[in-house]
Structures are given as C-alpha cells and as structure tokens.
Amino acid sequence: MKIEMDLKRIKKLAAALDDENWEFRTFLKGLDLDSAELDAIVHRINDEVSAQIDCTQCANCCKVVRPVWMRQMWPSLPPVSTGRSRNLRKSI
C-alpha cells in the first residue's frame, strides 16, 4: 500500500471523502466491539502505517499538533536547526 505524503492532496482527499468518512464512523459505532477491541485494531493499523512514514521528511504533525515527546525519544529527533524539532515540547 502506497502512503500518500503530499499534504495538499491529503487535504483534498479528506474533503472529498468527508461523507464516506462519517458513514464509516457511524458503521464503527454500530459494531458489536468494545472500545478496547476497536482500539487494538486501530493501534495495529496505526503501527503498520506509521512504520512506512519518515517523519523527518514531513514534520507536519509537529507543526500542527505540537506533540509532547518523552525524554527517551529526544536523542532520535533531528536538530532544532533543521526546523523540525522547533515546535516540540518535552514532557515532565
């Protein structure tokens, strides 16, 4: 599966598929799964997809959601001078 990385295209696709996404959300709410089962499925898919993305090439999440990174993650981050770590906050 090819992961789309073009942010402009992702935005257009999200808008075009808005109705379909709401239908899928409604479908999920109607399933006979408890939240732990659904979370496990979503986390598995997230792990598979995330493994295919090089965050240092995009850094959009860091720009948009300003993630909090745990102390053990800091050594693997790119230098602040690249602009990709500028918006991160350390956790306590």
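Consider residue 10 carefully, then state whether it is of a type in the set (A, V, I, L, M, F, W, C) and touching a residue at least 12 places away in the same chain (Cβ under 8 Å). No; evaluated as a whole, the condition is false for this residue. Looking only at region 1-27, residues that are part of a helix (DSSP H, G or I) and touching a helix residue (DSSP H, G or I) at 6+ places or on another chain (Cβ under 7 Å) come to 1 in all.
Elements of the type helices (runs of 4 or more DSSP H) sitting completely within region 35-92 and holding at least 1 residues that are loosely packed, with under 11 Cβ neighbours inside 10 Å, under 12 Å from the mean Cα position of the chain (by Cα) and at pLDDT 60 or above: these cover 35-50, 60-64.
The values are calculated or read from the model by the stated rules, or taken from the named source; none is laboratory data. All values derive from a computational prediction rather than experimental measurement. Backbone-built Cβ (ideal geometry, glycine too); neighbour counts: all protein chains shown.
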